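Beneath this line is the structure, given in structure tokens, with notes to follow.
The values are calculated or read from the model by the stated rules, or taken from the named source; none is laboratory data. Computed from a prediction, not measured in an experiment: that's the story for all the values here. Cβ: placed from backbone, ideal geometry, glycine included. Neighbour counts: every protein chain shown.
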């Protein structure tokens, strides 16, 4: 059985790394894409993961396929397309915060009939994000995959990561970002996305509204303040881990990949019998993983391995 299958975008993050002597920005072609990031993060932390998506028949597409394979992510569900591989140009401020500009391509063109439903049915978790809901056949393919997972009893994980440049309006974004919620078991939001999805920036009230819609586990990342959770009617806050930030790109994906890696290690039904103390230990582990990613540049290249986190002395906290 596969632990986690992610569906969505894998792309090139053209990430600013500095400037040259003439003050011209320098960029590195890092592998990225939120669902692919989650698959890699979980794989580096010991989970068996797979990825479903689409890349171009070009050098970047071959490179991304190679990166996934090198990180032990099953690529049997990865398709190729005549369109170019998608790129995200990521500029980084002096505080490490990111701004995005997307050049969309192959990732938008994944069709429902190209989704490997057998791979999904043989997984403990299906994970997806909201970027693949923005345009093209990928919108229908993503919703089809989530519905298929739900029907097969596969745990559904969702990260509605908001990128305003990809939507015609905020109202359109909110409409589509909320559409999959009835299918979702595990929801991860940032503090910026919480008010978009729930209408309130208060984690206590916002997560209460989401739980009322049937979502079982809700996680809200609060940057350096840590992670807020709601599980079985109870809430808590697990403090973050202080670090010197080089680049926040991929930190949220590392956090969620770490959470999912620990959940699937619990057995075939990842949420069954989960108690609050165990959940808090899982979130503490995930916060440490995200902190490690923030301390380095790039998304996938910055993600920690289990061995690196074990060196921190808290390897068995969850």
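Of the residues making up segment 11-33, just one is outside any strand (DSSP E or B) and touching a residue at least 12 places away in the same chain (Cβ under 8 Å), namely 33.
Got a sec? Which of 173, 149, 141 is at pLDDT 95 or above, buried (at least 17 other Cβ atoms within 10 Å of the Cβ), within 27 Å of residue 232 (Cβ to Cβ) and within 18 Å of the chain's Cα centre (by Cα)? Reasoning before the result, please.
Details: 173 fails: within 27 Å of residue 232 (Cβ to Cβ); 141 fails: within 27 Å of residue 232 (Cβ to Cβ).
Within the list 173, 149, 141, the selection yields 149.
Can you find even one residue in segment 34-54 that is over 24 Å from residue 246 (Cβ atoms), surrounded by fewer than 23 Cβ atoms within 10 Å (Cβ to Cβ) and either touching a residue at least 24 places away in the same chain (Cβ under 8 Å) or out of contact with any strand residue (DSSP E or B) (no Cβ under 8 Å at 6 or more places or on another chain) (or both)? Walk me through how you get there before you give the answer.
The initial filter retains those residues of segment 34-54 that are over 24 Å from residue 246 (Cβ atoms), namely 46-54.
Remaining after also requiring surrounded by fewer than 23 Cβ atoms within 10 Å (Cβ to Cβ): 46, 48.
Next, from what is left, pick out any that are either touching a residue at least 24 places away in the same chain (Cβ under 8 Å) or out of contact with any strand residue (DSSP E or B) (no Cβ under 8 Å at 6 or more places or on another chain) (or both): 46, 48.
Within segment 34-54 (the criterion being over 24 Å from residue 246 (Cβ atoms), surrounded by fewer than 23 Cβ atoms within 10 Å (Cβ to Cβ) and either touching a residue at least 24 places away in the same chain (Cβ under 8 Å) or out of contact with any strand residue (DSSP E or B) (no Cβ under 8 Å at 6 or more places or on another chain) (or both)), the answer is yes, since at least one residue qualifies.
If the condition is being under 22 Å from residue 186 (Cα atoms) and either more than 20 Å from the chain's Cα centre (by Cα) or free of Cβ contacts under 8 Å to residues at least 40 places away in the same chain (or both), then segment 232-252 contributes 232, 233, 234, 235, 236, 237, 239. Residue 188 falls short of the stated requirement of being touching a helix residue (DSSP H, G or I) at 6+ places or on another chain (Cβ under 7 Å), closer than 25 Å to residue 2 by Cβ and surrounded by fewer than 15 Cβ atoms within 10 Å (Cβ to Cβ).
Within the group 240, 250, which residue is closer than 20 Å to residue 305 by Cβ and surrounded by 17 or more Cβ atoms within 10 Å (Cβ to Cβ)?
On the way: 240 fails: closer than 20 Å to residue 305 by Cβ.
Matching residue, one of 240, 250: 250.
Here residue 284 passes the criteria (1) touching a residue at least 24 places away in the same chain (Cβ under 8 Å); (2) touching a helix residue (DSSP H, G or I) at 6+ places or on another chain (Cβ under 6 Å) except the one numbered (2). Just a yes or no: is a residue in segment 157-169 assigned to a strand (DSSP E or B), buried (at least 24 other Cβ atoms within 10 Å of the Cβ) and free of Cβ contacts under 8 Å to residues at least 40 places away in the same chain? Looking through segment 157-169, at least one residue is assigned to a strand (DSSP E or B), buried (at least 24 other Cβ atoms within 10 Å of the Cβ) and free of Cβ contacts under 8 Å to residues at least 40 places away in the same chain.
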